[in-house]
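Chemist: Structure incoming, see below.
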Amino acid sequence: MRGWDAERIAAVAGAQLLRGPARPARAAGPVSAGVDSRLISPGELFVGLAGERADGGAYAVQALAAGAWGVLVSFEHARTAARAGAGGAVLAHEDPLAALQALAREWRRELGAAGAKVVAITGSTGKTSTKDILAALLSASMRTAASAANLNTEIGLPLAILAAARDSEALVLEMAMRGAGQIAELTAIAEPEIGVIVNVGPAHLELLGSLEAIAAAKAELIAGLPAGGSIVLPTDEPLLEPHRRADLGTVTFGDAGDVSLVEHRADGRTLIRHGSTDIELWPSFGQAHNLENLLAAVAAARTLGVTPAGRLDVSFSAMRGERLTLAGGIVLIDDCYNANPMSMCAAIDDLAQTAQARRVAVLGDMLELGPQAPRLHRDVGEHAAARGIELLVTVGPLAAEISSGFGREGHAVADTAAAVGLLEGLLRKGDTVLVKGSRGVGLERVVAALRAGGKGAGNDSRGGDRTGPQHTDAGSLLAPRAGSGRG
């Protein structure tokens, strides 16, 4: 399918076209775009962004040589690319990120003019799972595009929008933040009609200072919705009450909410009620936290006029609760993409409810919690003890506080290498092992070692909310930086 031509792309982006393309742009949307010259496919537009460690625009010539349709970079790098022998369009802009966002905003408006609706999802935890669930619910009756992997930042969100096909009827977009103003920025790009706030929890306390400030940051989504739009909120979150708007339709989910769980049977049958309508689903998951995410997704689907029913198979994003069976019947729960106190306790609950034998938790530091971090880690340890976790291994200095609250058999180590060495002598046949911590701890190395040593026998089920790392020439701008995460 032919996308926008070079002149249209330049005009929408506010860029100067220094050289025309060698061939027309062809993409599902107006133009396929990427920000990593190493991953650019032939026919894509490379957008070179300046980051902490490198300026992606410096790789414009390499991107053209790899077959990029064109490059959108700063004037300095654009002039160099225009003089190079490799063909392809060369567009110059003083702020390539702003240009990328402008392209995405215009494409979203073009899709909206054709009738597509945009749903934006945020929350302290579970937003990726909710996005995955909602996309699965809608895809049975609507042509649905959704954010891939962790495309939920000021860079990733525009890429997700540009990837949406011209015939999309619904866009399901995830929004992440680490500080005030960031959700507002994303909302201004995506212009959603429907918003979902999954929850508010103690993520990024170090940066925002209080739960009230976190709620206010999430509520930027509410403020950015158009009059007559709809917002889906948890029914038991008083911190969001001051941010409600009378000119929006509000749907609540959870116990005593507009959308509530009536029954979830052991065979998977799940009955959900919205007003006088009963909705029967058979989801491919059953964890309590994902059933809560399911309620939020059903609420959003109903707002779009979709009443789901029947079997619901969800392919969750990576590193978010995937279960793998290793040698000796050991079950590994890989949930190491990120962590905060809310998601940590939910994962421990799932471990306690599903383990058939000994419950083992390998827990890493929860970062960006500020002065309250030691207490919040001890609280997690107390929760693990109360839920019957039998063996605890903590990784990192903050996580050692989890052991203090645990009060049972626990081992505190400094890094992942020590954790791997320790686990080799501690694990038994039939154990269920949860691995979870903030991404900066690098617990994926523990998972990799256990899988290599245990020769994983395949997936038992997908637990949800997993996202893999992404790279850019601008220093991993798509994904959280090492030692941090977006909530």
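Chemist: Considering only DSSP beta bridges where both residues belong to the chain, give the percentage that are antiparallel (nearest 5).
Modeler: Working: 21 of 72 bridges.
Beta bridges within the chain, antiparallel portion: roughly 30 percent.
Chemist: For ASP5 and ALA256, FRET efficiency with R0 = 51 Å and r from the beta-carbon atoms, rounded to 0.05? The partial results should precede the final answer.
Modeler: Numbers: r = 54 Å, r/R0 = 1.06.
With a Förster radius of 51 Å, E is 0.40.
Chemist: Under a plain spin-label model, where a point goes 7 Å from the Cα along Cα-to-Cβ, how far apart in nm are ALA114 and LEU291?
Modeler: Taking the simple label geometry, ALA114 and LEU291 are separated by 4.0 nm.
Chemist: Continuing with this model, one more query. Modelling each spin label as a point 7 Å along the Cα-to-Cβ direction, I'd like the GLU76/ALA148 distance in nm, to one decimal.
Modeler: Rounded to a tenth, the inter-label distance reads 3.1 nm.
Chemist: Ok, one more. Distance from the Cα centre of segment 174-216 to that of segment 109-164, in angstrom?
Modeler: Centre-to-centre (Cα) distance: 16 Å.
Chemist: Which of the three applies to segment 114-312, rounded, prolate or oblate, going by the alpha-carbon gyration tensor with a ≥ b ≥ c and a/c under 1.5 meaning rounded? Walk me through the intermediate numbers first.
Modeler: Numbers: a/c = 1.56, a/b = 1.20, b/c = 1.29.
Verdict is oblate for segment 114-312.
Chemist: Between SER404 and ARG53, what FRET efficiency follows from the Cβ-Cβ distance if R0 is 30 Å, with the result rounded to 0.05? Don't jump to the answer; show the numbers that get you there.
Modeler: Working: r = 37 Å, r/R0 = 1.22.
Efficiency, from the Cβ-Cβ distance: 0.25.
Chemist: So for segment 322-461: antiparallel DSSP bridges make up what percent, rounded to the nearest 5?
Modeler: Working: 6 of 24 bridges.
Antiparallel: roughly 25 percent of the beta bridges in segment 322-461.
Chemist: Would you compute, from DSSP H runs of 4+ residues alone, the mean residue ellipticity of the chain at 222 nm, taking -39500 (n - 2.57) per run and dividing by the full residue count, rounded to the nearest 500?
Modeler: That comes out to -9500 deg cm²/dmol.
Chemist: Shifting gears a bit: Report the label-to-label distance for ALA227 and ARG451 in nanometres (one decimal), using points 7 Å from each Cα along the Cα→Cβ vector.
Modeler: 5.2 nm
Chemist: In degrees between 0 and 90, to the nearest 10, how far off the longest principal axis of the chain does helix 444-454 point, with axes built from Cα atoms?
Modeler: Helix 444-454 sits roughly 60 degrees off the main axis of the chain.
Chemist: Given an 8 Å cut-off on Cα distances and at least 6 residues of separation, report the relative contact order of segment 1-134 as a percent.
Modeler: Relative CO of segment 1-134 lands at 23 percent.
Chemist: Shifting gears a bit: Given the Cα-Cα distance of ASP349 and GLN372 and 0.36 nm per residue of separation, how much length would full extension add, in nm? Numbers along the way, then the final one.
Modeler: Numbers: separation 23, 0.36 × 23 = 8.28 nm, distance 2.24 nm.
Result for the pair: 6.0 nm of gain on full extension.
Chemist: Kindly provide the trypsin sites (Lys or Arg not before Pro) of segment 229-316 that DSSP labels as loop, not H, G, I, E or B, and whose Cβ sees at most 13 other Cβ atoms within 10 Å.
Modeler: Here the sparse-neighbourhood loop sites are ARG244, ARG265, ARG269.
Chemist: Now, a different point. Taking amide H positions as placed in the peptide plane 1.01 Å from N, state which residues far from ALA33 in sequence (5 or more) or on other chains have amide H under 5 Å from it.
Modeler: Under 5 Å from the amide H of ALA33: LEU45.
Chemist: Quick check: from the Cα gyration tensor, does segment 212-343 come out rounded (a/c under 1.5), prolate or oblate? Working shown, then result.
Modeler: Numbers: a/c = 2.39, a/b = 1.41, b/c = 1.70.
Judged from the Cα gyration tensor, segment 212-343 comes out oblate (a/c at least 1.5, b/c at or above a/b).
Chemist: Using amide H atoms built in the peptide plane, which far-off residues or other-chain residues are under 5 Å from ALA146 H to H?
Modeler: VAL172
Chemist: Normalised radius of gyration for segment 29-100, please: alpha carbon Rg relative to 2.2 N^0.38 Å, two decimal places. Before the final figure, lay out each step's value.
Modeler: On the way: Rg = 10.5 Å, N = 72, 2.2 N^0.38 = 11.2 Å.
For segment 29-100, the normalised Cα radius of gyration is 0.94.
Chemist: How far is helix 341-354 tilted off the main Cα axis of the chain, in degrees rounded to 10, range 0 to 90?
Modeler: 60 degrees
Chemist: Now for a different question. Compute the angle between helix 416-426 and the longest alpha-carbon principal axis of the chain, please, reported from 0 to 90 degrees and rounded to the nearest 10.
Modeler: Between helix and principal axis, roughly 30 degrees.
Chemist: Pairs of alpha-carbon atoms within less than 8 angstrom and 6+ residues apart define the contacts here; what relative contact order does segment 114-312 have, in percent? Don't jump to the answer; show the numbers that get you there.
Modeler: On the way: 417 pairs, mean separation 42.7, N = 199.
Relative contact order, segment 114-312: 21 percent.
Chemist: What translational D, rounded to a whole number of µm²/s, comes out for segment 324-379 from Stokes-Einstein when the hydrodynamic radius is the Kirkwood one over Cα pairs, at 10 °C and 1.306 mPa s?
Modeler: Details: Rh = 12.7 Å.
Calculated translational D: 125 µm²/s.
Chemist: Can you compute 3J(HN,Hα) from phi for each residue in segment 400-415, using the Karplus curve 6.51 cos²θ - 1.76 cosθ + 1.60 with θ = phi - 60°, rounded to whole Hz and x for Gly and Pro?
Modeler: Residue by residue, segment 400-415 yields 4, 5, 4, 4, 4, x, 6, x, 10, 5, x, 9, 9, 10, 7, 8 Hz.
Since every read-out is calculated from the coordinates, none of them should be taken as a lab result. Just so we're clear, the structure is a prediction, and the values are computed from it rather than from any experiment. A quick note on method: Cβ atoms are made from the backbone with ideal geometry, for glycine too, and the neighbour counts reach across all protein chains shown.
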